[in-house]
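Here is the structure we will look at, set down as structure tokens.
The values are calculated or read from the model by the stated rules, or taken from the named source; none is laboratory data. Quantities reported herein were computed from a predicted structural model and do not represent experimental measurements. Don't worry about glycine lacking a Cβ; one is built from the backbone with ideal geometry, like all the others, and counts go over all protein chains shown.
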Ligand SMILES: [Zn+2]
Ligand SMILES: [Zn+2]
């Protein structure tokens, strides 16, 4: 697992077996994602797919450009895909005449791009796009090379990775986390961020995990005294908001099975948390369990990738 970025300004994590490589979320610009992959010595051309947890901007902002550039499929739940499409479709109150004018302008711009042979994001003609009805061109912001739907609670395969998506409580259309299982390497990794609390289905999904990326979003006191408006504080604290350091510590102290070699604390709030507080609270919770729990704890970062965590 290589955490490229984690936090409210952007999330992206590479999960890989020897044979299969996927990116979970694409919440930075395509350029920045590629830059970070280079820093972490991850080869973008080796990615087989992109998986999306939910449609919030910090998880999808580089999605369409990256998927088109790499020409790889994007896995969503159907409601998340629909919500994403709504989000990236420009809204306006144009008159019919203005709309016709815009269509003509776009057609002309597309034609010029084809002549110049330098399509915006894909370098060679894609027959599927060429044959598509007028208007649905590669300039369509909702266009992706391929879309695959999955259902939370139902496993699916990408290469030799078994992906088990689980529903998370969060204020998005159909949010989820993932467990990745590689039978050939008997290794399991999980990603659980953006969740208001840890319901039983999430707790049971997080059993027997070797590398666990778990949210530790805010310190309760810092959030209460912090700069966010009242309504936003309520949202973060709600059952569909984000996990506090306390909630994460409580899980680690009571429910966690101790199986992970590495726990990565992620989605830390820059305004309402301090990395030392998150780390201290998780380590104290593990210490309470005694020496039989030997998981090391790392902090994911917003501004730079973590070194790959290998099993
Ligand atoms: Zn998020
Ligand atoms: Zn979110």
Exercise. Evaluate region 86-96: report whether one residue or more is within 16 Å of ligand 1 (Cβ to nearest atom), closer than 28 Å to residue 154 by Cα, over 13 Å from the mean Cα position of the chain (by Cα) and not in a strand (DSSP E or B).
Key: yes
Practice problem: Return a yes/no flag: does region 1-13 have any residue that is more than 16 Å from ligand 1 (Cβ to nearest atom), surrounded by fewer than 17 Cβ atoms within 10 Å (Cβ to Cβ), touching a residue at least 12 places away in the same chain (Cβ under 8 Å) and more than 17 Å from residue 178 (Cβ to Cβ). | Solution: no
Practice problem: Pull up region 259-301, narrow it to residues that are in contact with a helix residue (DSSP H, G or I) (Cβ under 7 Å, 6 or more places away or on another chain) and at pLDDT below 95, then point me to the one that is surrounded by the fewest Cβ atoms within 10 Å (Cβ to Cβ). | Solution: 288
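Select, from 33, 66, 47, 70, the only residue that is modelled with pLDDT of 95 or more and within 16 Å of ligand 1 (Cβ to nearest atom). So that I can check it myself, show each step before the final result.
Numbers: 66 fails: within 16 Å of ligand 1 (Cβ to nearest atom); 47 fails: within 16 Å of ligand 1 (Cβ to nearest atom); 70 fails: within 16 Å of ligand 1 (Cβ to nearest atom).
Only one candidate passes the filter, namely 33.
Would you mind stating whether residue 28 is within 16 Å of ligand 1 (Cβ to nearest atom) and at pLDDT 95 or above?
On the way: within 16 Å of ligand 1 (Cβ to nearest atom): yes; at pLDDT 95 or above: yes.
Considered against the rule, which asks whether it is within 16 Å of ligand 1 (Cβ to nearest atom) and at pLDDT 95 or above, residue 28 comes out as yes.
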Quiz prompt | Given (1) in a helix (DSSP H, G or I); (2) closer than 18 Å to residue 170 by Cβ; (3) in contact with a strand residue (DSSP E or B) (Cβ under 7 Å, 6 or more places away or on another chain), index of the condition residue 283 fails | solution = (2)
Practice problem: May I ask you to list the residues in region 243-258 that are more than 23 Å from residue 188 (Cα to Cα) and touching a strand residue (DSSP E or B) at 6+ places or on another chain (Cβ under 6 Å)? | Solution: 244
